Amino acid sequence: QKEVEQNSGPLSVPEGAIASLNCTYSDRVSQSFFWYRQYSGKSPELIMSIYSNGDKEDGRFTAQLNKASQYVSLLIRDSQPSDSATYLCAVTVPSNAGGTSYGKLTFGQGTILTVHP
Amino acid sequence: NAGVTQTPKFRILKIGQSMTLQCAQDMNHNYMYWYRQDPGMGLKLIYYSVGAGITDKGEVPNGYNVSRSTTEDFPLRLELAAPSQTSVYFCASRLLATDTQYFGPGTRLTVL
């Protein structure tokens with residue numbers, strides 16, 4: 001059973017703080033890793049993708065990937081009330097040995113983040 | 001471009017009824033997907049398609065069927081609706097050369 005687990009929430013941080021969101025995955029052959037943001041009642045929106053070990057920064061967002069530990073995280077610096085949303089971790093896994101995933105996403109259950117003024 | 005559109009936005013079904021959820025995209029994307037999201041949970045893949053005429057099952061296909069006769073449209077059919085199918089359904093599409101999936105606004109379905 002391929003699983004993606006996220007740290008249980010909800011997570012509440014003050015405005016201006018760093019929010020740290022964590023995700024572990026069970027399948028070692030997972031290929032690609034994504035963070036989606038979902039506002040209440042809306043559809044998911046891709047905010048970060050990462051494919052190799054290390055850090056990837058985009059504005060206030062930093063994604064970190066450690067394939068040996070099967071761990072991916074998202075840091076949000078200078079958190080704003082507009083960052084309040086559910087954050088979904090997702091991974092892709094090849095359908096067969098050496099094959100493609102066809103982009104099929106396996107999602108974690110999400111972490112609710114609240115940034116309070 | 002309208003992106004990914006879904007109809008209807010909301011629907012209430014009685015147990016045993018059938019319906020089709022419509023999904024269309026105008027971005028000429030090869031890949032299309034159907035996900036469901038239960039309250040407080042992540043999304044689960046129902047079916048996907050890599051092009052017109054080609055579909056395959058995802059993680060939770062039971063109780064659903066799909067077809068893809070054109071690049072633009074990817075309808076999801078529910079036969080014999082059950083309360084367990086109460087969920088929000090999202091359609092998504094993606095260009096072959098990229099990883100970004102674009103999601104539609106969703107259809108909220110309640111089966112009573």
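Every read-out reported here was derived from the displayed coordinates using simple, explicitly stated rules and does not represent laboratory data. Treat the numbers as computed from the prediction; the structure is a model and nothing was measured. When we count neighbours, we look across all protein chains shown, and the Cβ atoms used for this are built from the backbone with ideal geometry, even at glycine.
Here region B:26-112 is assigned +1 on the Cβ of each Lys and Arg and -1 on the Cβ of each Asp and Glu. Its dipole about the Cα centre then comes out at about 160 debye.
If you take each beta carbon of peptide B:34-47 and count the beta carbons of other chains within 10 angstrom, what is the mean?
Averaged over the peptide's residues, the number is 4.
Comparing A:Ser95, A:Ser49, A:Ser32, which has the greatest mean-square fluctuation in the GNM of chain A with Cα pairs linked when under 10 Å apart? Among A:Ser95, A:Ser49, A:Ser32, the largest mean-square fluctuation in the Gaussian network model of chain A belongs to A:Ser95. Pairwise inverse Cα distances across chain A, averaged and inverted, put the Kirkwood hydrodynamic radius at 14.4 Å. Max-minus-min Cα coordinates of region A:1-57 on each principal axis give 37, 27, 21 Å, with the largest extent listed first.
A simple spin-label model places pseudo-atoms 7 Å from Cα toward Cβ; at B:Met27 and B:Ser67 they are separated by 2.6 nm.
Normalise the Cα radius of gyration of region A:48-117 by 2.2 N^0.38 Å (N = residues in it) and let me know the number.
1.29
Shown here for region A:33-65: chymotrypsin sites (Phe, Trp or Tyr not before Pro) in loop regions (DSSP other than H, G, I, E, B) with at most 16 other Cβ atoms within 10 Å, namely A:Tyr39, A:Tyr51. Per the Kirkwood formula applied to alpha carbons, region B:46-104 shows a radius of gyration over Rh ratio, Rg over Rh, of 0.97.
Simple rule: put +1 on each Lys or Arg Cβ and -1 on each Asp or Glu Cβ in chain A, find the dipole, and look at A:Ser69, A:Thr106, A:Trp35; the Cα lying farthest toward the positive end is A:Thr106.
For A:Gln109, the residues whose modelled amide H falls within less than 5 Å of its own, excluding neighbours fewer than 5 places apart on the same chain, are A:Gln6, B:Gly42. Using a simple spin-label model with pseudo-atoms 7 Å out from Cα toward Cβ, B:Leu96 and B:Thr5 lie 2.6 nm apart.
Charges were assigned to the Cβ only: +1 to each Lys and Arg, -1 to each Asp and Glu. The resulting dipole of the protein assembly as shown about its Cα centre is roughly 500 debye.
Taking only alpha carbon atoms, region B:1-57 gives an Rg to Rh ratio of 0.99, where Rh is the Kirkwood radius.
Reported value for the protein assembly as shown: 129 Å³ per residue, from the convex hull of its C-alpha atoms.
Computed across chain B, the Kirkwood hydrodynamic radius from all distinct Cα-Cα pairs reaches 13.9 Å. Using Cβ point charges alone (K and R +1, D and E -1), the dipole size of chain A about the Cα centre works out to roughly 280 debye. Counting beta carbons within 10 Å around each of B:His29, A:His116 and listing the fewest first gives the order A:His116, B:His29. Net charge in the neighbourhood of A:Lys67 (other residues with Cβ under 13 Å of its Cβ; Lys, Arg +1, Asp, Glu -1) is 0.
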